[in-house]
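What follows is a set of notes on a single structure, which appears directly below.
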Amino acid sequence: YTSLTLLVPSQTPEPIRKHSGQVSALIACLTGACCAQTALNTHLVYLSNFCCNSGTSPWLWQPLFAHQALLLIQSGNERRAKTSSALLVATILVEASRIGAGAAAMEPPAASAAKHQADPEIADSSGASPTSRPGTDIGSPARGGKKEQSRRIAVLVCGVPPPAVLEDVGTYVDQFAALLQRDEHAGDEEWRSWDVYKGELPTADELAPFDAILFTGGAGDAFSDEPWVVQARELVRSAHARKQRMLGVCFGHQLIAQALGGRVDRAPAWGSGATTITFDEEAREVLPNMQLPPTAAIHVSHRDQVHELPEGAKVLASAEQCPIAMFSIGDQVLCIQGHPEFNERTVRSIVDAKLQRNMMTAQEAEVSNKSYQQLGDQCQQDYALLQGICAQHLRK
């Protein structure tokens, strides 16, 4: 961590030098824990809050930002340095535009820097997977326009990506934050996550105040009798009874279906790579504000799938080998078998990990990787569409 300590340039103004130690600690500890996205989000929150509360012009932070990026490059984290520079420059521009517009009073911070520092993502005892502690307050994935009341979203993390994916794009929480921060309607949000796959589940009462619940992907079986899966299904049923909004992705899609009376079982073959989903007319009724094309390309990585829908559910989209690729229940539940939050590198890394563990044959891996020759570009083009579908459902 010492190599990442922020040495403040001599030309940095005194108000910035005075507070730079706190920024240094956050960046050094969080980035050192291999949680680049969490570190950057925390840093952004700190800087934004400081500028709002102190009246300091954010332009004065430029030497500090440049120095931080330089240190990250010197320490071998060139990719993170580029990400850091882009995000921090964007923050300067956003804050500067508000000050330039004559904003007399900016929105107070939703939480202090200490709150974000209290539960950084940590390495699992196995050393393989940094994930969040139970009930981790992970702040907002976006700093959008002012809202009268913050929206609260619970993220129930149902698994952990392979190490190569963690290094590239972070945890499932990081990936959904990256997906959803692009939505201009994000506004002010509070996100809180639980690593349910570790048995760290919230109680039904803890989930009750949240506006929406996101169930992520994972490697488990939604129909299994593992204690955490059984408890997670109970949470789905209690949330459904309370009419809370739910979004399920991959394992989350299967978990919700199984919990509410559907049937999940093995798929005919691995669903892996890029695939085409065809939207039904029902989708246009359920998602009236989305200009849905006939088809879309999406990343997939699953061995199980939904075979029978819960009562009252409607199929919104289907794929050649997955007839129930997306479904909804009223305007409360939206479930997607594919991964809107993934990119091609992520799927390829997962395939490599499965090959190493003999969970997938070389032929299956080849089929998965070849799918991107035909659909790779389309997946990139349809990312925004799928992002909009997820965001619209969570933020209704």
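The values are calculated or read from the model by the stated rules, or taken from the named source; none is laboratory data. Remember, it's a predicted structure, so these values are computed and weren't measured experimentally. Cβ coordinates were reconstructed from backbone atoms using ideal geometry, including for glycine residues, and neighbour counts include every protein chain displayed. Just the protein is used for accessible areas: all its heavy atoms, side chains included, with ligands, DNA and RNA removed. Shrake-Rupley method; radii C 1.70, N 1.55, O 1.52, S 1.80 Å.
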Does Leu201 meet the test of being open to solvent by 20 Å² or more (accessible area, probe 1.4 Å), in contact with a Phe, Trp or Tyr (Cβ under 9 Å, 6 or more places away or on another chain) and not in a strand (DSSP E or B)?
yes
Checking the conditions here, which among Arg152, Arg143, Arg182 is closer than 23 Å to Val347 by Cβ, open to solvent by 10 Å² or more (accessible area, probe 1.4 Å) and either modelled with pLDDT under 95 or in a strand (DSSP E or B) (or both)?
Arg182
Hey, Tyr383 hits all of (1) farther than 30 Å from Phe210 by Cβ; (2) open to solvent by less than 60 Å² (accessible area, probe 1.4 Å); (3) within 18 Å of the chain's Cα centre (by Cα) but one; which does it fall short on?
(1)
Where in segment 266-380 are the strands (runs of 3 or more DSSP E), entirely inside, with at least 1 residues that are open to solvent by less than 20 Å² (accessible area, probe 1.4 Å), touching a residue at least 12 places away in the same chain (Cβ under 8 Å) and among the aromatic types (Phe, Trp, Tyr)?
322-329
Would you be able to say whether some residue in segment 234-257 is in contact with a helix residue (DSSP H, G or I) (Cβ under 7 Å, 6 or more places away or on another chain), of a type in the set (S, T, N, Q) and open to solvent by 50 Å² or more (accessible area, probe 1.4 Å)?
no
Of those in segment 251-282 that are in contact with a strand residue (DSSP E or B) (Cβ under 7 Å, 6 or more places away or on another chain) and of a type in the set (Phe, Trp, Tyr), the residue modelled with the lowest pLDDT is Trp270
One residue is enough: does segment 161-173 have a residue meeting the conditions surrounded by fewer than 23 Cβ atoms within 10 Å (Cβ to Cβ), among the β-branched types (Val, Ile, Thr), at pLDDT below 95 and assigned to a helix (DSSP H, G or I)?
yes
